[in-house]
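Here is the structure we will look at, set down as structure tokens.
The values are calculated or read from the model by the stated rules, or taken from the named source; none is laboratory data. Remember, predicted model here, so these are calculated numbers, not experimental data. No Cβ is skipped: glycine too gets one built from the backbone with ideal geometry, and neighbour counts run over all protein chains shown. Just the protein is used for accessible areas: all its heavy atoms, side chains included, with ligands, DNA and RNA removed. Shrake-Rupley method; radii C 1.70, N 1.55, O 1.52, S 1.80 Å.
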Amino acid sequence: MRFTLAVAAFVVTLGSLPASAAGVDRLYVLYCGEVAGADQSRWSPGVNVGVPIQLSDNCYLIHHAQGWFLWDTGLVDALAATPEGVTGANGALRSKRTKTLAAQLYALGVKPADIKGMAISHTHPDHIGNVELFPQVMLYVQKAEYEWPGEGGAPRFKPEHPVTKLEGDYDVFGDGSVVIISTPGHTPGHQSLLVRLPKTGAVVLSGDAVHFKDNWDNRRVPSTNFNKEQTLASMQRIADIVEKEHGQLWINHDKPQSDAQKKAPDFYE
Ligand SMILES: [Zn+2]
């Protein structure tokens, strides 16, 4: 007579993030454009009114044993044809790009077809500009962002682009090394990325959960954000993760922080 034992294969603890950093070994910071804001208070209501601000715009390329993963795609590469930049948003923003994402990938020997997966923090133009450089690459995006109607009800992405619509966090490679974190507020389905590097340790890539350090330190929410309460809750969630992981927050648009970081072809391990 044999006994059949009930086996609990998995216990998923709600609210916790998968641990370990097995398969990831390199993180590259790529230049993906720059933005000059005419008035910083666009992002910091009531503070530094009328003071211009320079913002960085980065993309991040991650190497994992299972393949390459791209986080954010920056301003559209075609902008590099206009080196002096283009002014938009009624003169409030001037965007430029002095080198393309494609050229930086080429220099690293990475072909678009080598990329296994990609995700964007949200659907603003300085983050989704080059999604279609990778028409065959699986895109991980929150369902709430994917289905958020664009101008005139237009879709945010080409319907034929392969997509995995997420509803919350997602462990990209299944080993806890690269985890998409749901951080809504800036937009309905904004997300951030936790990368657990073997030497550098944990890094949270902010997307636009916050735009620069002073806003982070003072928990300021841009008036143009989709939802203020969600933004504050997401900032707190990121702060909790950074603390628990003894990690770093890398703020995509914070130019002083970005200027101090190693850029591709150099990388973080
Ligand atoms: Zn944005």
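Quick notes
- The stretch 216-264 and the stretch 38-105 have Cα centres spaced 16 Å apart.
- Antiparallel DSSP beta bridges within the chain, as percent of all bridges there, nearest 5: 75 percent
- Candidates 159, 149, 188, ranked by Gaussian network fluctuation over the chain, Cα under 10 Å, top entry: 159
- When the inverse distances between all different Cα atoms of the stretch 11-132 are averaged and flipped, the Kirkwood radius reads 16.3 angstrom.
- Structure remark: mean-square fluctuation, Gaussian network model of the chain, C-alpha springs under 10 Å; the largest value among 167, 145, 34 belongs to 167.
- Once the convex hull of all Cα atoms in the stretch 69-215 is built, its volume per residue stands at 143 Å³.
- Remark: spin-label model distance residue 143-residue 99 equals 4.1 nm, labels positioned 7 Å along the Cα→Cβ axis.
- Rounded if a/c under 1.5, otherwise prolate or oblate - the stretch 209-269, Cα gyration tensor axes: oblate
- Relative to the dominant Cα principal axis of the chain, helix 228-245 is inclined by about 60°.
- Note: relative contact order over the stretch 132-269, using C-alpha pairs below 8 Å and six or more positions apart, is 20 percent.
- The mean accessible area for residues of the stretch 84-222, using a 1.4 Å probe and ignoring ligands and nucleic acids, is 41 Å² per residue.
- Residue among 163, 47, 76 with the largest mean-square fluctuation in a Gaussian network model of the chain, springs linking Cα atoms under 10 Å: 47
- Here the stretch 224-269 is assigned +1 on the Cβ of each Lys and Arg and -1 on the Cβ of each Asp and Glu. Its dipole about the Cα centre then comes out at about 160 debye.
- Residue-averaged [θ]222 nm for the chain, counting only DSSP H segments that reach four residues, each worth -39500 (n - 2.57): -4000 deg cm²/dmol
- Charge dipole of the chain (Cα centre as origin; +1 on each Lys and Arg Cβ, -1 on each Asp and Glu Cβ, all else neutral): 180 debye, rounded to the nearest 20.
- Principal axis box of the chain, alpha-carbon based, largest edge first, Å: 80, 41, 41
- Residue-span extension gain [residue 245 to residue 51] - 0.36 nm each, minus C-alpha spacing: 66.3 nm
- Accessible surface of the chain [probe 1.4 Å, protein heavy atoms]: carbon and sulfur percent: 56 percent
- Alpha-carbon Rg with Dmax, taken over the stretch 63-126, Å: 14.0, 45
- Candidates 48, 230, 139 compared by Cα position along the dipole of the chain: farthest toward the positive end lies 139, with charges placed on Cβ.
- The modelled label-to-label distance for the pair residue 113/residue 199, using points 7 Å beyond Cα in the direction of Cβ, is 3.3 nm.
- Amide hydrogen neighbours beyond the local backbone of residue 140, cut-off 5 Å, H modeled: 118, 119, 120, 164
- 10 Å beta-carbon shell around residue 198, net charge (K/R +1, D/E -1): +1
- Neighbourhood charge, 12 Å Cβ-Cβ cut-off, centred on residue 22 and excluding it, Lys, Arg +1 and Asp, Glu -1: -2
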